[in-house]
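Each reported figure results from applying straightforward, stated rules to the coordinates on display, with no laboratory input. Model, not experiment: these values are computed from the prediction. Virtual Cβ from ideal backbone geometry, glycine too; neighbours counted across all protein chains shown.
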Amino acid sequence: MSVRKRRLDKDWFVERDPLNIGKFDNWQSRGPSQDAKPVQVPGVMQEAFPGYHGVAWYWNEYRFDHAPTSDQKCRIWFGAVDYYAEVWLNGVYLGHHEGGETAFQLDGSEAFKPFAVNLLAVRVINPTHEAIDGFTLNETPHYWKKLPYEVGGAFNHGGIVLPVEMRFVPAAVIEDIAVIPQCDTGTVRLKMVLRNDLSATVEAGVTAVIGGSDSDGMTAEDESAVTLFLPPGTTEADMELKVDRPRLWGLDDPFLYAVSVGLEVRREEAERTIRDYRTVRCGFRDFRVDDEGYFRLNGQKIFVKSSHTTNHFPIGQRVPYQPELMNRDLLYAKAAGFNMIRFIAGMPYPEQLDFCDTIGLLVYEECYAAWDLRDSPKMAERYVRSTGQMVQRDRNHPSVVIWGLLNERLSGPVFDQAVATLPFLRKYDPTRLVLLSSGRWDGQYDIGSVSNPGTVDWQRVWGEEQAQASPIDTGPLVDGWFKPGIPGGYIESTGGCPHLRASAS
């Protein structure tokens, strides 16, 4: 049984709801009015209504000539909705999602009408400075969005920004896989989340195989199989594979392995077998900072040559979802001699990371919460959610070698939250370098900047970072911008030029 799906990328309409009355007036059931306009999905609401921010409603009517069996579930999958989404199918409320960068899916099995027209309604909040249902722009993870727009900032876009799909999935599925390769041993640990949407516990067979992935297909290196009992709901399961003398992933030889996992549940009473399959690419590589403060890739000292990008047009609008356009800058960066790209305070598209995996371009990744998030009663919850969603989504990409937690952040509650979030992130990914804050504007140099793979603390390896360091005044405002006082030795230790420190202090 395979996943049947259809991308819903045509015939969308969007309508403004400036008075926030749509839910009370039952817009989720009535569909678009004469005030609605056609809009591209994926895209942003401002394509239809330039200059508008706040609540907007999206509708899509579609027909799917398929009736799900008792072994299938109907799910509506969203690549991302920025920032808050509520979803209805045929007037039935399916659920909500907060966070503008990662995918989510909702169960529409009870509401779906086979062989008939279905109405999908999505209420989107693009926050402003006035609270809407408890959301304000600066108190939600938002990158560097400015309202009104400012030079150097980003446009406050919002909407259904990544694709939407209607999916019919097996009632027993592989919901998530974390692949953890170990360079020194060749061991590959699999941490899986399996979901059983049936009403009773079932016996499931799980198989896993790893092999080198190239243009000629996959050559198996190892395989394993286990039998598990899955109660209704989710079950965590671990497996292990082994590759003898693994070929390392590197800048000039970005060799990829593929891990394929299969799940089978035999339903004797129905004389059917439920099957689900997932394939994840991975690579063996190690990236860390040594005791002298130098970066090392697979044990070799590396001089990092990096720029950063934000997936925004020059005026601050979001880049359209077009793979050729999305990957062009990455290819140019590699061709120009760069070996790393930093996605500053905004996650890359998944396809961009696939591309970086393939061409051998290192990635330093941050999420919306890394920059300009203000303190609020929900700050900690939103910071942890945003950062955790980034790590959970992208942890299998060998090109991603750095998680960045903050950008140019002064000391205060958000900085303290980032410091305290490290143990939580290590539950999702113990294998990557984590950097605390780009620029270290906080001045708290008793706290280290680096957490190397396999560690759960902040290590002091750069500049004047030391256990007894006193807080440093990060500098006054200069023409509305902070002029940080960078500690002696910090720039030099990270490969920068001595004159830069002199001009910045």
Would you compute the Debye intensity of segment 14-88 from its alpha-carbon atoms alone, equal scatterers and no solvent, and pass along log10 I(q)/I(0) at q = 0.15, 0.23 Å⁻¹ to two decimals? -0.62, -1.22
Could you check the simple spin-label distance between E464 and A225, using points 7 Å along Cα→Cβ, in nm with one decimal? 6.4
Taking F24, F168 and counting other C-beta atoms within 10 Å, the order from fewest to most: F24, F168
Principal axes of segment 373-416: Cα extent on each, largest first, Å: 34, 20, 12
Using only alpha carbon pairs under 8 Å that are at least six residues apart, calculate the relative contact order of segment 219-338 and give it in whole percent. 15
Could you give the semi-axes, largest first, of the ellipsoid that matches segment 301-423, computed as the square roots of 5 times the alpha carbon gyration tensor eigenvalues and rounded to whole Å? 26, 16, 13
Using all alpha carbons of segment 155-197, what is the percent of pairwise distances in each 10 Å bin, ordered from the shortest bin to the longest? 20, 25, 26, 23, 5
Looking only at segment 142-182, which residues have a backbone nitrogen under 19 Å from a spot 7 Å from the Cα of R7 in the C-beta direction? 159-169
Which cross-chain or sequence-distant (5 or more) residues have an amide H under 5 Å from the amide H of G159, H modelled 1.01 Å from N in plane? M45, D82, Y83
Arrange the following residues from fewest to most other Cβ atoms within 10 Å of their Cβ: K334, K113. K113, K334
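Give the dimensionless ratio obtained when the Cα radius of gyration of the chain is divided by 2.2 N^0.38 Å. The partial results should precede the final answer.
Working: Rg = 24.0 Å, N = 505, 2.2 N^0.38 = 23.4 Å.
Compared with the compact-globule rule of thumb, the chain sits at 1.02.
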The chain: relative contact order in percent, alpha carbon pairs under 8 Å with at least 6 residues between: 11
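Return the calculated 222 nm mean residue ellipticity for the chain, to the nearest 500 deg cm²/dmol, obtained by summing -39500 (n - 2.57) across DSSP H runs with n ≥ 4 and dividing by the residue count. All intermediate terms of the calculation are to be shown ahead of the outcome.
On the way: 7 runs with 70 residues, N = 505.
The helix-only estimate for the chain comes to -4000 deg cm²/dmol at 222 nm.
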Scattering from the C-alpha atoms of segment 167-243 alone, worked out with Debye: what is log10 I(q)/I(0) at q = 0.12, 0.15, 0.19, 0.22 1/Å? -0.41, -0.61, -0.86, -1.02
Which lysines, if any, have their Cα less than 21 Å from the Cα of K10, not counting same-chain residues under 8 positions apart? K37, K113
Per residue of segment 26-32, in order, report the coupling 6.51 cos²θ - 1.76 cosθ + 1.60 (Karplus, θ = phi - 60°) as ³J(HN,Hα) in whole Hz, putting x for Gly and Pro. 6, 4, 5, 10, 7, x, x
Exposure-ranked with fewest Cβ neighbours within 10 Å first, T140, T309 stand as T309, T140
